[in-house]
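The structure under discussion appears below in the form of structure tokens.
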Amino acid sequence: MSRRRPIVAIDGPAGAGKTSVARALAERLGWLRLDTGALYRAVALAARERGVDWNDGPALGRMVSGLDLEVEAAPGGRSRVRIDGRDRSDELRLPQIARGASDVSRHPEVRAALLDVQRRVGREGALVCEGRDIGTVVFPDAELKVFLTASPEERVRRRIAELRAMGVQVDESAMASEIAARDAQDSTRALAPLRPAPDAVVLDTTDMPLERVVELIAAHVARLSGGVAGTGTGPDAG
Ligand code: DC
């Protein structure tokens, strides 16, 4: 892969703060941001509506190759995702879809189809990309890799706050078991399991305010060769 501008890969478990951090960092740098979890969530939602089983890899693979899936990689706001031209971004956040996303993400057919989509967005660099396997599989040559963690209690608290802000009420113990189940499935699957790349900067964000996390990562970006921080996204920038 040859690109002129860098990629920052941010991986970590559910509720570790990836989305908030990626959004703030991308806004600060004026770079694109890609939430890859939204792609897996979109596959789960589309499958449910088309009656495709979340456990049927080959059928999911066929469905994804015919799916009209568009994802916006704008720096700020929520990543907008359109399926068949309709904006489904809000529905993708629901806990039942999160579980489906974890289920469909185990299948090689689904991962292979989404790999191309993700790499296309990263072609030019100047991208903050978040997920589970960005530093290990999608962009193993990312100039900076970050692995965010936080205690399970804190991650549950953040997810509940996120859903409440959207007007969705969730039970705390149900959310705790949902996140624990998803963590276990995402980190033990055979293909592209959740784990830090050997060269990732690991940050425990349990007691860290968002601004501090962004500050720390931005300092790493500024140290990348060529001093690329804040150079904008124009074709001649950087
Ligand atoms: O980040 P998220 O909670 O939106 O991700 C939903 C699920 O999608 C997650 O439990 C596992 C899967 N996923 C993945 O396998 N690889 C990624 N790069 C991103 C998400």
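Observations, loosely collected:
- Residue list for the stretch 150-171, filter: closer than 11 Å to residue 14 by Cβ and within 14 Å of the ligand (Cβ to nearest atom): 150, 155, 156, 158, 159, 162
- Of residues in the stretch 131-146 being in contact with a strand residue (DSSP E or B) (Cβ under 8 Å, 6 or more places away or on another chain) and under 18 Å from residue 102 (Cβ atoms), the one surrounded by the fewest Cβ atoms within 10 Å (Cβ to Cβ): 136
- Residues being closer than 21 Å to residue 72 by Cβ, within 13 Å of the ligand (Cβ to nearest atom) and among the basic types (Lys, Arg) - total across the stretch 96-146: 2
- Condition check for residue 153: more than 15 Å from the chain's Cα centre (by Cα) and surrounded by 14 or more Cβ atoms within 10 Å (Cβ to Cβ): no
- Residue match in the stretch 29-42 (condition: of a type in the set (D, E, K, R) and touching a Phe, Trp or Tyr at 6+ places or on another chain (Cβ under 9 Å)): no
- Looking only at the stretch 152-194, and only at residues there that are in contact with a Lys or Arg (Cβ under 9 Å, 6 or more places away or on another chain) and among the polar types (S, T, N, Q), the one that is nearest to residue 18 (Cα to Cα): 187
- Number of residues in the stretch 179-198 that are charged (D, E, K, R), closer than 21 Å to residue 156 by Cα and within 10 Å of the ligand (Cβ to nearest atom): the value is 3.
- Residue that is nearest to residue 136 (Cα to Cα), among those in the stretch 158-196 that are touching a residue at least 24 places away in the same chain (Cβ under 8 Å) and acidic (Asp, Glu): 186
- For residue 119, the test of being within 19 Å of residue 38 (Cβ to Cβ) and either crowded, with 18+ Cβ neighbours inside 10 Å or of a type in the set (D, E, K, R) (or both) is passed.
- Any chance residue 194 is part of a loop (DSSP other than H, G, I, E, B) and at negative phi: yes
- Number of the condition not met by residue 146 [criteria: (1) in a strand (DSSP E or B); (2) in contact with a Ser or Thr (Cβ under 8 Å, 6 or more places away or on another chain)]: (2)
- Hey, residue 174 away from the ligand (no atom under 11 Å from the Cβ), surrounded by fewer than 16 Cβ atoms within 10 Å (Cβ to Cβ), under 24 Å from residue 106 (Cα atoms) and not basic (Lys, Arg) or not: yes
Since every read-out is calculated from the coordinates, none of them should be taken as a lab result. This structure is a prediction, so every number in the text was calculated from the model and none was measured. Every residue, glycine as well, gets a Cβ built from its backbone with ideal geometry; the counts of neighbours run over all protein chains shown.
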